[in-house]
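Chemist: My structure is below; once you've seen it, I'll send some questions.
The values are calculated or read from the model by the stated rules, or taken from the named source; none is laboratory data. Values in this document were obtained by computation on a predicted structure and should not be read as measured data. Don't worry about glycine lacking a Cβ; one is built from the backbone with ideal geometry, like all the others, and counts go over all protein chains shown.
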Amino acid sequence: MWRIEEQEALDLYIKPIIMTMELGLLLPFNNFVKRAPRDKYGGCLPTLLAELPAIHNHIEVMYRNSEDPNRKDKVNDTFDLELMPVPLAYADAFLSLDRWIRDRFVKPGGFKTRNNCEPFSTYAELEGWLDKA
């Protein structure tokens, strides 16, 4: 399932950006791709995803969400799943009062971060963290 989500992210997000790159960016990008280690499929997507934490997190979220096919999502769950990968990648703190989000996505870890994002499940935890900052 992870591989399917990777391919989907490549097709929906990464390829369209590559197609619009200016030559000044495309040449260094091609050199990066040529030098990148290959996975068992002959591609370098895992190496590329290491440089794209929000897209990596999107794949992680979609993969984890697919692990429970019997769960019926609510409308707001769709928005949570779409928005969550970016702050987990770039923010210093992430607050979710939703137990499903905390237990299924945030607590297990495995997300790529640039700022060591701290997850919180209550306002009091976040306030305590802010007081120390």
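Chemist: Would you check if K112 is under 13 Å from A54 (Cβ atoms) and not in a helix (DSSP H, G or I)? Steps first, answer last, please.
Modeler: Numbers: under 13 Å from A54 (Cβ atoms): yes; not in a helix (DSSP H, G or I): yes.
In short, yes.
Matching residues to (1) in contact (Cβ under 8 Å) with a residue 24 or more places away in the chain; (2) more than 17 Å from I59 (Cβ to Cβ):
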site: L81; (1), (2): no, no
site: Y90; (1), (2): yes, no
site: F105; (1), (2): yes, no
site: F111; (1), (2): yes, no
site: N116; (1), (2): yes, yes
site: F120; (1), (2): yes, yes
site: Y123; (1), (2): yes, yes
site: G128; (1), (2): no, yes
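Chemist: Identify the single condition in (1) in contact (Cβ under 8 Å) with a residue 40 or more places away in the chain; (2) in contact with a Cys (Cβ under 8 Å, 6 or more places away or on another chain); (3) loosely packed, with under 15 Cβ neighbours inside 10 Å that R38 does not satisfy, given that it satisfies every other one.
Modeler: (1)
Chemist: Anything in the stretch 84-133 that is modelled with pLDDT of 90 or more, of a type in the set (V, I, T) and surrounded by 13 or more Cβ atoms within 10 Å (Cβ to Cβ)? List them, or say none.
Modeler: The one that is modelled with pLDDT of 90 or more, of a type in the set (V, I, T) and surrounded by 13 or more Cβ atoms within 10 Å (Cβ to Cβ): V86.
Chemist: Here is a follow-up. Touching a Leu at 6+ places or on another chain (Cβ under 8 Å) and assigned by TED's automatic domain parsing to the domain that holds H56, is that true of L83?
Modeler: Working: touching a Leu at 6+ places or on another chain (Cβ under 8 Å): no; assigned by TED's automatic domain parsing to the domain that holds H56: yes.
The answer is no for L83.
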